[in-house]
1. Being among the hydrophobic types (A, V, I, L, M, F, W, C) and touching a residue at least 60 places away in the same chain (Cβ under 8 Å) is true for just one of B:LEU199, B:LEU226, B:LEU141. Which residue is that?
2. If we keep just the residues of the stretch A:355-369 that are open to solvent by 10 Å² or more (accessible area, probe 1.4 Å) and modelled with pLDDT of 90 or more, which is farthest from A:MET412 (Cα to Cα)?
3. Which number in (1) surrounded by fewer than 23 Cβ atoms within 10 Å (Cβ to Cβ); (2) at the interface with chain B (Cβ under 8 Å from one of its Cβ atoms); (3) touching a helix residue (DSSP H, G or I) at 6+ places or on another chain (Cβ under 6 Å); (4) assigned to a loop (DSSP other than H, G, I, E, B) marks the one condition that A:ASP266 misses?
4. Conditions: (1) over 25 Å from B:ASP248 (Cβ atoms); (2) buried (at least 18 other Cβ atoms within 10 Å of the Cβ). B:GLU84 meets all but one. Number of the miss?
5. Can you confirm whether B:ALA48 is open to solvent by 30 Å² or more (accessible area, probe 1.4 Å), under 27 Å from B:PRO161 (Cβ atoms) and either part of a loop (DSSP other than H, G, I, E, B) or of a type in the set (Gly, Ala, Ser) (or both)?
6. Only one of A:THR254, A:THR242 is modelled with pLDDT of 90 or more, at the interface with another protein chain (Cβ under 9 Å from one of its Cβ atoms), crowded, with 22+ Cβ neighbours inside 10 Å and touching a strand residue (DSSP E or B) at 6+ places or on another chain (Cβ under 6 Å); which?
7. What's the number of the condition B:PHE293 fails, among (1) buried (at least 16 other Cβ atoms within 10 Å of the Cβ); (2) farther than 20 Å from A:ALA263 by Cα; (3) at pLDDT 90 or above?
8. Examine the stretch B:277-286 for a residue that is in contact (Cβ under 8 Å) with a residue 12 or more places away in the chain, within 15 Å of the chain's Cα centre (by Cα) and surrounded by 16 or more Cβ atoms within 10 Å (Cβ to Cβ), and state whether such a residue exists.
There are 2 protein chains.
Amino acid sequence: MNNSITVQNLIALIESADFKTISNLVRNMPETDMAELTLELSTQQGLAMLAMLSAPLRARLFSNLQFGQQDALLAQMQLVETVELFTYLPSDDRTDLYKRMAPEQRTNLLATLARKQREDIVKMASYQEGTVGAEATSDYLSVSGELTVAEALDSVRQQAPDKETIYTLYVVDESHRLQGTVSLRDLVLADPQHTLESLMTRDVITAKAEWPREEAAKLISRYDLLSVPVINGGDKLIGIVTVDDAMDVVDQETTEDFHKMGATLDFGKGHGITGDFSLKTATTSLLYRKRVFWLVLLVFGNIFSGAGIAYFEETIEAYIALVFFLPLLVDSGGNAGSQSATLMVRALATGDVVIRDWARMLGREFMVAVMLGLTMALAVSTIGIFRGGYEIAMVVSLSMILIVVMGSVIGMSLPFILSRMKLDPAAASAPLITSIADAAGVLIYFSIAVTILGSPV
Amino acid sequence: MNNSITVQNLIALIESADFKTISNLVRNMPETDMAELTLELSTQQGLAMLAMLSAPLRARLFSNLQFGQQDALLAQMQLVETVELFTYLPSDDRTDLYKRMAPEQRTNLLATLARKQREDIVKMASYQEGTVGAEATSDYLSVSGELTVAEALDSVRQQAPDKETIYTLYVVDESHRLQGTVSLRDLVLADPQHTLESLMTRDVITAKAEWPREEAAKLISRYDLLSVPVINGGDKLIGIVTVDDAMDVVDQETTEDFHKMGATLDFGKGHGITGDFSLKTATTSLLYRKRVFWLVLLVFGNIFSGAGIAYFEETIEAYIALVFFLPLLVDSGGNAGSQSATLMVRALATGDVVIRDWARMLGREFMVAVMLGLTMALAVSTIGIFRGGYEIAMVVSLSMILIVVMGSVIGMSLPFILSRMKLDPAAASAPLITSIADAAGVLIYFSIAVTILGSPV
């Protein structure tokens with residue numbers, strides 16, 4: 001890792017138009033590091049630097065930049081420069097960039113591009129954001145099954161410069177339907193005279209273009225693949241998803257789940273910027289919008305707890321010692337519920353648990369919750385005796401058991417219910433569970449109090 | 001994907017000792033699917049099935065089984081069978097299995113293994129659980145830089161059957177220090193007469209054996225690698241971490257973070273079973289132990305809130321309308337805090353934010369919290385006027401602003417503080433934040449009430 005170059009060095013090189021040194025840097029530094037360095041340049045400096053590079057190097061650097069930076073640079077480019085850039089960009093980056101362009105820019109660009117590229121862009125841009133198709137790249141190696149191993153290796157050598165991965169060859173028929181795959185590993189080890197047809201794996205694991213994108217990532221993770229082929233409704237091969245893109249998808253989907261569990265909104269999907277959220281660079285306004293919806297909604301949710309307390313006002317006035325235990329009891333329900341919900345949301349996300357497991361898991365959850373409730377009742381009863389005497393201790397212990405069981409059952413069930421309703425289970429956030437459990441907890445607590453201590457008159 | 005075979009089919013094949021069909025199945029079905037099917041067999045059936053396979057196929061199936069199942073099968077094997085299994089298992093699976101064996105079993109096994117394997121196992125088992133070294137496999141391709149491309153390809157063909165990946169060749173010197181890497185891609189494209197030394201990348205991205213294992217996964221994800229070489233203190237190459245293992249590490253570390261955020265304990269590390277947690281198959285007792293610690297601890301934490309309320313008992317009795325707003329106000333602090341903490345924990349986990357960003361982010365957090373507090377104060381003031389009149393509305397609005405700001409600042413700071421203390425920031429769980437914010441909220445609310453409404457006498 002060459003970390004010796006600073007932004008100041010780079011700016012000096014740009015200003016002295018030292019295109020040789022700059023080209024060498026871009027060629028030899030890890031692409032991600034180079035892109036990070038470029039992030040600190042002004043748009044004008046960035047343009048000047050890009051202009052000093054050969055077209056393939058320029059495209060390589062550009063494809064590693066952040067979306068915002070790409071858009072800023074593109075806005076300053078001439079049409080002829082844009083066309084050259086598009087010719088060299090990897091298919092998936094090219095499609096993403098195209099989708100972020102204004103309609104009239106798109107039309108101008110398409111009119112100027114070579115037919116093959118134009119068709120590829122229009123086709124790849126047609127898949128809805130968030131699907132496997134939208135994640136796919138069309139830069140894969142496809143070959144005919146009739147080739148011999150030696151011929152296939154020649155084909156690999158010819159096609160390699162334009163391909164994202166050459167470690168899997170996709171064997172297709174004349175209508176581009178996927179017939180099988182051959183790994184470069186097998187190709188290198190095989191007899192040069194054999195045909196690919198005799199060598200290829202026919203039971204290929206594939207992803208459908210219209211599936212949610214995380215399904216392709218799950219296949220890659222489950223079967224330890226380097227890439228997964230993507231097919232459309234007619235079983236035609238339209239592209240591949242590579243393992244590095246799958247890792248990014250997993251990362252972004254996990255961040256989404258985290259944010260939802262924390263009761264914040266996700267603005268990614270449908271804006272073509274899925275997962276581009278960075279807390280470090282987020283604006284005050286974006287953070288405000290992410291957070292305000294649930295906070296205000298939960299205020300109104302908590303009115304139920306308040307109303308519950310108000311309903312029992314006379315009981316509280318008669319037995320003011322009860323108030324001491326109020327936060328402790330209602331919070332325990334929320335805490336138990338948050339635990340259950342968090343365990344369940346993650347298990348649903350990884351596929352460890354599926355909807356049909358619900359009934360079976362409910363029984364176990366009930367058992368665990370009763371054990372937890374008993375333990376906590378024991379802890380709290382000693383405080384109860386000390387602060388309010390025997391009767392209060394009984395009210396508090398009994399409430400604790402019921403509240404913990406209620407909280408747990410709600411917490412483990414809500415993600416299932418959301419999932420069943422085709423909503424994201426991660427919306428069962430800790431704050432939401434807490435609000436529900438609070439309201440229910442207030443009712444349970446004071447109802448038990450009235451039953452045991454008697455109505456105040 | 002061949003899903004036509006059921007467990008009943010498989011059992012029938014085992015009982016009729018149809019080793020040919022079984023071998024074909026194991027050879028052709030995706031390993032993960034086959035392993036999942038095997039999971040439903042009894043240990044005796046599993047042993048019978050393994051006995052029907054050739055040694056390499058047996059090792060391949062075995063390495064895909066769950067740890068518990070591996071241990072059960074191993075317990076029934078003769079020493080000679082165990083030795084054969086160890087000879088064919090991939091290095092990382094072999095080491096994991098060895099680490100789970102009883103001390104006397106280990107000694108017996110080591111005494112019987114070939115010297116080379118014995119040394120490899122002892123070396124690879126010496127890295128502490130949770131480090132990069134413990135994740136590494138020693139099944140990589142190492143070559144001398146003096147080889148020509150043609151010679152290197154021959155070496156690849158010879159070594160390939162035993163290696164996890166052949167897509168990167170590691171060039172080492174005579175003391176096994178890493179000199180550079182050559183990808184199979186470059187090898188296939190290069191002139192056969194060139195030497196590896198003239199071809200190899202010298203600025204190699206490496207991971208240190210003693211780093212936490214997620215650091216290797218982060219390098220693979222950041223630089224889009226298929227594997228990362230692992231070096232020890234003396235710069236010697238000790239193994240590699242492959243991208244599929246990196247995906248598993250990310251998955252397991254994320255699950256850990258989720259569980260911690262839900263205030264449950266993580267028992268993985270140090271037991272050699274990191275990440276093997278499955279909610280689906282977890283026992284009641286394991287779930288109880290995961291959850292009881294934080295629940296009971298938080299009960300005692302909530303005593304502070306209770307004590308706060310008890311302290312203001314007279315104020316509450318005098319202005320009983322205040323109780324209606326209690327859950328709403330204190331929960332808002334907890335909710336705002338949970339949001340901040342969740343955003344921050346994830347950003348720290350992905351490396352989006354680092355410790356030194358704290359001061360800069362605190363200012364923005366404060367701004368966002370004030371905006372949120374004002375919005376919520378507005379919402380709640382209308383209810384305040386309706387339920388308690390103008391003065392109560394003022395108490396409630398003012399409390400809301402302060403409570404939301406306080407909750408947010410605590411929520412965003414606690415993960416930083418934990419991180420600073422070398423603790424896991426994910427321990428700043430929603431329930432913990434809620435408890436802290438509740439106690440602080442009670443104090444803020446009633447203090448403002450006493451100030452505005454006057455002390456009750």
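1. On the way: B:LEU199 fails: touching a residue at least 60 places away in the same chain (Cβ under 8 Å); B:LEU141 fails: touching a residue at least 60 places away in the same chain (Cβ under 8 Å).
So the residue among B:LEU199, B:LEU226, B:LEU141 that is among the hydrophobic types (A, V, I, L, M, F, W, C) and touching a residue at least 60 places away in the same chain (Cβ under 8 Å) is B:LEU226.
2. Selected residue: A:MET367.
3. Unmet for A:ASP266, out of (1) surrounded by fewer than 23 Cβ atoms within 10 Å (Cβ to Cβ); (2) at the interface with chain B (Cβ under 8 Å from one of its Cβ atoms); (3) touching a helix residue (DSSP H, G or I) at 6+ places or on another chain (Cβ under 6 Å); (4) assigned to a loop (DSSP other than H, G, I, E, B): (2).
4. (2)
5. Numbers: open to solvent by 30 Å² or more (accessible area, probe 1.4 Å): yes; under 27 Å from B:PRO161 (Cβ atoms): yes; either part of a loop (DSSP other than H, G, I, E, B) or of a type in the set (Gly, Ala, Ser) (or both): yes.
For B:ALA48, the condition - open to solvent by 30 Å² or more (accessible area, probe 1.4 Å), under 27 Å from B:PRO161 (Cβ atoms) and either part of a loop (DSSP other than H, G, I, E, B) or of a type in the set (Gly, Ala, Ser) (or both) - is met.
6. Numbers: A:THR254 fails: touching a strand residue (DSSP E or B) at 6+ places or on another chain (Cβ under 6 Å).
Checking each option against the conditions leaves just A:THR242.
7. (1)
8. Our first condition is that a residue be in contact (Cβ under 8 Å) with a residue 12 or more places away in the chain; within the stretch B:277-286, this holds for B:277, B:286.
With within 15 Å of the chain's Cα centre (by Cα) added as a condition, the list becomes B:277.
Narrowing the set further to residues that are surrounded by 16 or more Cβ atoms within 10 Å (Cβ to Cβ) leaves B:277.
Looking for residues that are in contact (Cβ under 8 Å) with a residue 12 or more places away in the chain, within 15 Å of the chain's Cα centre (by Cα) and surrounded by 16 or more Cβ atoms within 10 Å (Cβ to Cβ), one finds at least one in the stretch B:277-286, hence yes.
The values are calculated or read from the model by the stated rules, or taken from the named source; none is laboratory data. All values derive from a computational prediction rather than experimental measurement. Note: ideal-geometry Cβ built from the backbone for every residue, glycine included; neighbour counts use all protein chains shown. The protein model used for the area step is the full one, side chains on, heavy atoms only, and it has no ligands, DNA or RNA in it. Shrake-Rupley method; radii C 1.70, N 1.55, O 1.52, S 1.80 Å.
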